[in-house]
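In what follows, a structure is listed as structure tokens, so that the remarks can point back to it.
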Amino acid sequence: MSPPCNTDLGYIPPDGGWGWAVVFGASISVGFAYAFPKAFTIYYKELQAAYNISYGQIAWISSIMCATTYGGGPISSVLVSRFGSRPVVIFGGLLCGIGMVSAAFCTSIFQLYICAGLITGLGLAFNLQPSVIIIGKYFLKRRPLANGLAMAGSPVMLFILAPLNQLLFDNFGWRGSFLILGGILMNCCVAGALFRPIGAATGPTKSQKEKPAIETLEEQPETGTAELPGPGKEEEEKDRDCCENFNKYLDLSLFKHRGFLIYLVGNMLMFLGFFAPLVFLAPYAKSLEIDEYSAAFLLSILAIVDMVARPATGLIANSRWVRPKIQYFFSFSIIFNGVCHLLCPLATSYSGLAVYSGFFGLAFGMVCAMLFETLMDLVGASRFTSAVGLVTIMECCTILLGPPIGGTLIDAFGDYKYMFIKCGIVMVLAGLFLFIMNYYNYRKLAKEEKRKKHDVAPKDRQ
């Protein structure tokens, strides 16, 4: 864990009650945000044929969608701080629907990048961050379990969407499917309606500009006049107000936080290999002459195992043995993920790919269940909104590059195995980095805590 941080929210989270309805709504929003870019890969082969493009070019659709989902984090965090989670998620659901309906009428791959990638991705961003943030406001003791249940929405949604997309394509073609998917994504608005605001109400306060004048009047009653701030002071106060307002939404002091920086660097490296195997799993199966429904069912196998892995990981992470050192558990899950990808080229039959999908689902579920819990463990609930925004904007760069790099390797070598090997190596390196640096961080924290006790002891004697 990081240095002790302020977790005072101004109220006691209920750890239940309406919070479970919030978890249900969050599972829908998070489910669409994570599962939709993966399930969208079902259409890759057909879109390649329709637009006559390469693997590298087609991979940009999901890549832009995922990168926008993460890169829209700061915008989403600012909007949540200003308006709350409920209206942001509802607006995000509308954006998702508009993006996919517009994608149905696209006549070029660039238009698909904008509609399916950018607009839909931004809508998913407005679903993901507010859902994660509001769980931290409703839960404290049971937060790992609540996060695990909410994150379980992703495999449930993937299990439904993967075969559904193939069914829609067979009956309506990809354009008709996109229209229907636009309507389905509107259900995010219903999920957002469950996000009832919680916490101490904050009424309008006097501006910083008014306070100095009022305080001066109160402090100098005998003079009959007040020493009002001059023009120079007013400008300084305006600048100070701007900085304070900015930090209220995005706390840049987190870049001085040792644990936060370790988490950020490790995750940026991890995301270079995190999504590409999911993007190319179904196309890889089709390249081995496996039929479309069986290829789509591989994603369903992954989703079934993922569905069990996330809440189970949440329960394990919430145990008294694991929670104090949850960062080590997170590092292990990333390394496990990488090992699965390194072994994937050995699977050359459908049964082999089914086994790989099962282990991949387990490893993927473990990472996703702890992805935000480990960040909250480091920075605390009070700074979590800012932390999510900053992390997602930094991670979007590697998320954007991961699948296209994988697609370029497939185009260059004509073989999928190099893409899986690249992703495996990157994930193992990211896990090892986090394990080593978190060990260093825990040691430093122990020394700092010991030094604090040593400094306090002489004062107590006095």
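The values are calculated or read from the model by the stated rules, or taken from the named source; none is laboratory data. Nothing here was measured: the structure is a model prediction, and the numbers come from that model. Quick reminder, even Gly has a Cβ in these numbers, built from the backbone with ideal geometry, and neighbours come from all protein chains shown. To get the accessible areas, we keep the full protein, side chains included, count just its heavy atoms, and leave off ligands, DNA and RNA. Shrake-Rupley method; radii C 1.70, N 1.55, O 1.52, S 1.80 Å.
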Residue by residue through the stretch 344-359, the couplings from Karplus 6.51 cos²θ - 1.76 cosθ + 1.60 with θ = phi - 60°, in Hz, x for Gly and Pro, are 4, x, 6, 8, 10, 10, 5, 5, x, 5, 5, 5, 4, 4, x, 5
Show Arg258, Arg82 ordered by accessible area, largest first, where the area counts protein heavy atoms only and the probe is 1.4 Å. Arg82, Arg258
Can you find, among Phe360, Tyr442, Ile425, the residue sitting farthest towards the positive end of the charge dipole of the stretch 349-462, where Lys and Arg contribute +1 and Asp and Glu -1 at Cβ? Tyr442
Please give the peptides 427-440, 397-410 ranked by average Cβ packing (other Cβ atoms within 10 Å per residue), highest first, as a rough proxy for protection. 397-410, 427-440
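Packing-wise, with mean Cβ within 10 Å as the measure, how do 22-30, 86-94 rank, highest first?
22-30, 86-94
Going down the table (Lys141/Lys453; Lys45/Lys422; Lys141/Lys417), which pairs top 32 Å between alpha carbons?
Working: Lys141/Lys453 27 Å; Lys45/Lys422 23 Å; Lys141/Lys417 43 Å.
Violating the 32 Å limit, Cα to Cα: Lys141/Lys417.
Quick one: compute the contact order of the stretch 1-119, relative version, from alpha carbon pairs under 8 angstrom and 6+ residues apart, as a percent. Don't skip to the end; give the middle numbers.
Details: 49 pairs, mean separation 30.7, N = 119.
Relative contact order comes out at 26 percent.
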Put Glu373, Glu292 in order of accessible area, largest first, 1.4 Å probe: what do you get? Glu292, Glu373
With every protein chain kept in place and a 1.4 Å probe, the residues Glu395, Glu289 fall, from largest accessible area down, as Glu289, Glu395
Show me, for the stretch 68-79, the HN-Hα J-couplings you get by feeding each phi into the Karplus relation (A = 6.51, B = -1.76, C = 1.60, θ = phi - 60°), rounded to Hz, glycine and proline as x. 5, 4, 7, x, x, x, x, 4, 4, 5, 5, 5
In whole Hz, the Karplus estimates of ³J(HN,Hα) for the stretch 85-94 (6.51, -1.76, 1.60; θ = phi - 60°; x where Gly or Pro) are 6, 4, x, 5, 5, 4, 5, x, x, 5
Using a 1.4 Å probe, how large is the accessible area of His454, given in Å² and rounded to the nearest 10? 130 Å²
Mean separation of Cα contacts under 8 Å (at least 6 apart) over the residue count of the stretch 66-181, i.e. the relative contact order in percent, is 34 percent
